[in-house]
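Novice: Handing you a structure now.
The values are calculated or read from the model by the stated rules, or taken from the named source; none is laboratory data. Fair warning: this is a prediction, and the values are worked out from it, not measured in the lab. Reconstructed Cβ throughout: ideal geometry from the backbone, glycine too, with neighbour counts over all protein chains shown.
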Amino acid sequence: MAPFATSTRPASLQLSALLCVLLFSEVWVLQCSAAIGINYGQVGNNLPTPAQVVSLLSSLRVGKVRIYDVNPQVLAAFAGTGIELIVTVPNDLVQPMAASAGQAMQWATANIKPYFPATRVTGIAVGNEVFTDDDQALKASLVPAMRNLHAALAQLGMDGYVHVSTASSLGVLANSYPPSQGAFTPECAPLMLPFLRFLAETNAPFWINAYPYFAYKADPANVSLSYALSDPYHVGAVDPYTHLQYTSMLYAQVDAVTFAAARLGYGGIPVFVSETGWPSKGDADEVGATVENALAYNRNLLVRQVGNEGTPLRPRQRLEVYLFALFNEDMKPGPTSERNYGLYQPDGRMVYNVGLAQQQTTSAASLSLAASSAPPAMDVGKDLTSLCLISALAILLTSQAFLLG
């Protein structure tokens, strides 16, 4: 007997149920593309124009981007896109901004006000990894600079829309495992108190740059690769003090920062990941820097984001994550890995298919970038769009069972 022959439900009811399923599957596809943020670095002499980058991001339906400056061409290109943007005050302007409220006002007036609100600037990172810098004067100037900038934004009527914070490396922690024993280094702790107080007063997040890759590279014999790659099916590790189970080293590192802040009396501050990634290529001594591992790491994080997953300590608060990075940047100094964190080559070809499906567009700029092709071995029924469609199919089958009831 044909599978649909026994249905006695009205055709209109069947159609309504089917439409609901299709709409649900579309939402899932949107979540697959838009659940995660991306860092858009520009340390290269061969990168696409900002307009082309915006077309690519729009085709991917990426909703959050972080840049490392206030490039006026980039800010103008993002106008009207709805994409949330975190911009950066460079380290060399932190001390002048701390010394002069006028300098902070001048910077905000010149670099944020002309583009806001058409360009959705939602965050300003004052400096990058300042707390682990060797310059003591720079570190002492960070919070005063943040306060002056926040005051300037308040005068301009933007403080309710734009958070002021800074991105710190995991080096601010003296201990990160087990997470419940997370604590700031003796050098950072005195600086962290006024910083955390500022974040609490302004409802701003703590941004952390965290790379499990470095832990694995440093000790591959003893660090589980699956744990470092955030494999959701890995047994992980249990914190012996809280009995919370961690299947992701990144999520454990985030909770370690939360516990460290709590030790100073500020456990309620949200901790977000402003940078994380895995290199697809490295030098001979850079263990684990492969396309396969980079694909697995970023895809595992994307799956967790799609599932609105929080850390074990804060399971109901989805962890905000910005992948590093959109492009490989050929002018970055250091080992080979530094130039190979991108999801894309500068010409728009995918380094590997992490599962962000491009949408067709009539934009010529976007079409030139959309000629991406993943390495065949990396694209055999594993992208997140397929996962989303499988979920939708499961719901469709359930709907059919209901309709056949």
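Novice: Looking at Thr311, is it surrounded by fewer than 16 Cβ atoms within 10 Å (Cβ to Cβ) and either modelled with pLDDT of 90 or more or assigned by TED's automatic domain parsing to the domain that holds Val271 (or both)?
Specialist: no
Novice: Take the range 147-184 and flag every residue that is surrounded by 16 or more Cβ atoms within 10 Å (Cβ to Cβ), hydroxyl-bearing (Ser, Thr, Tyr) and modelled with pLDDT of 95 or more.
Specialist: Within the range 147-184, Ser165, Thr166, Ser168, Ser169, Ser180 meet the criteria.
Novice: Name every residue in the range 234-259 that is in contact with a strand residue (DSSP E or B) (Cβ under 8 Å, 6 or more places away or on another chain), of a type in the set (S, T, N, Q) and either buried (at least 20 other Cβ atoms within 10 Å of the Cβ) or not assigned by TED's automatic domain parsing to the domain that holds Val271 (or both), in order of residue number.
Specialist: Gln253, Thr258
Novice: Any residue at all in the range 190-212 that's outside any strand (DSSP E or B) and touching a Pro at 6+ places or on another chain (Cβ under 6 Å)?
Specialist: Within the range 190-212, one or more residues are outside any strand (DSSP E or B) and touching a Pro at 6+ places or on another chain (Cβ under 6 Å).
Novice: Something else now. Please find, among Ala174, Ala167, Ala152, the residue that is assigned by TED's automatic domain parsing to the domain that holds Leu250 and not in a strand (DSSP E or B).
Specialist: Among Ala174, Ala167, Ala152, only Ala152 is assigned by TED's automatic domain parsing to the domain that holds Leu250 and not in a strand (DSSP E or B).
Novice: Against the condition under 21 Å from Ala252 (Cα atoms), surrounded by 16 or more Cβ atoms within 10 Å (Cβ to Cβ) and without any contact (Cβ under 8 Å) to a residue 40 or more places away in the chain, how does Ala221 come out, does it pass?
Specialist: So Ala221 fails the test.
Novice: Tell me, yes or no, whether the range 269-282 has at least one residue that is under 26 Å from Pro220 (Cβ atoms), part of a loop (DSSP other than H, G, I, E, B), of a type in the set (D, E, K, R) and within 21 Å of the chain's Cα centre (by Cα).
Specialist: Yes; the residues of the range 269-282 include at least one that is under 26 Å from Pro220 (Cβ atoms), part of a loop (DSSP other than H, G, I, E, B), of a type in the set (D, E, K, R) and within 21 Å of the chain's Cα centre (by Cα).
Novice: Got a number for residues in the range 224-243 being at pLDDT 95 or above and either farther than 22 Å from Ala325 by Cα or not in a loop (DSSP other than H, G, I, E, B) (or both)?
Specialist: So the count comes out to 11.
Novice: Residues in the range 338-351: is at least one under 18 Å from Gly277 (Cβ atoms), part of a strand (DSSP E or B), of a type in the set (A, V, I, L, M, F, W, C) and out of contact with any Lys or Arg (no Cβ under 6 Å at 6 or more places or on another chain)?
Specialist: yes
Novice: Looking at the structure I just gave you, is Asn328 polar (S, T, N, Q), closer than 25 Å to Ile208 by Cα and either surrounded by 15 or more Cβ atoms within 10 Å (Cβ to Cβ) or modelled with pLDDT under 50 (or both)?
Specialist: yes
Novice: In the range 111-134, is there at least one residue being surrounded by 19 or more Cβ atoms within 10 Å (Cβ to Cβ), within 26 Å of Val74 (Cα to Cα) and of a type in the set (Phe, Trp, Tyr)?
Specialist: Scanning the range 111-134, I find at least one residue that is surrounded by 19 or more Cβ atoms within 10 Å (Cβ to Cβ), within 26 Å of Val74 (Cα to Cα) and of a type in the set (Phe, Trp, Tyr), so the answer is yes.
Novice: When you look at Met1, is it surrounded by 17 or more Cβ atoms within 10 Å (Cβ to Cβ) and either modelled with pLDDT under 95 or over 18 Å from the mean Cα position of the chain (by Cα) (or both), yes or no?
Specialist: No; evaluated as a whole, the condition is false for this residue.
Novice: Okay, moving on. State all residues of the range 244-256 that are among the hydroxyl-bearing types (Ser, Thr, Tyr) and part of a strand (DSSP E or B); if no residue qualifies, say none.
Specialist: Tyr246
Novice: Return yes when Tyr266 is in contact with a Leu (Cβ under 9 Å, 6 or more places away or on another chain) and either farther than 23 Å from Val235 by Cβ or assigned by TED's automatic domain parsing to the domain that holds Thr166 (or both) and no when it is not.
Specialist: Yes, satisfied.
Novice: What's the number of the only condition in (1) closer than 28 Å to Val287 by Cβ; (2) in contact with an Asp or Glu (Cβ under 6 Å, 6 or more places away or on another chain); (3) among the small types (Gly, Ala, Ser) that Ser180 fails to meet?
Specialist: (1)
Novice: Okay, next question. Looking at the range 189-204, which of its residues are crowded, with 20+ Cβ neighbours inside 10 Å and either aliphatic (A, V, I, L, M) or over 24 Å from Arg314 (Cα atoms) (or both)?
Specialist: Met192, Leu196, Leu199, Ala204
Novice: A follow-up question, please. Which ones in the range 260-284 are surrounded by fewer than 19 Cβ atoms within 10 Å (Cβ to Cβ) and within 24 Å of Gln345 (Cβ to Cβ)?
Specialist: Answer for the range 260-284, where residues must be surrounded by fewer than 19 Cβ atoms within 10 Å (Cβ to Cβ) and within 24 Å of Gln345 (Cβ to Cβ): Lys281, Asp283, Ala284.
Novice: Inside the range 60-102, can you point out the residues that are of a type in the set (Ser, Thr, Tyr) and more than 19 Å from Tyr322 (Cβ to Cβ)?
Specialist: Ser100
Novice: Is it the case that Ala118 is in a loop (DSSP other than H, G, I, E, B) and hydrophobic (A, V, I, L, M, F, W, C)?
Specialist: Yes, satisfied.
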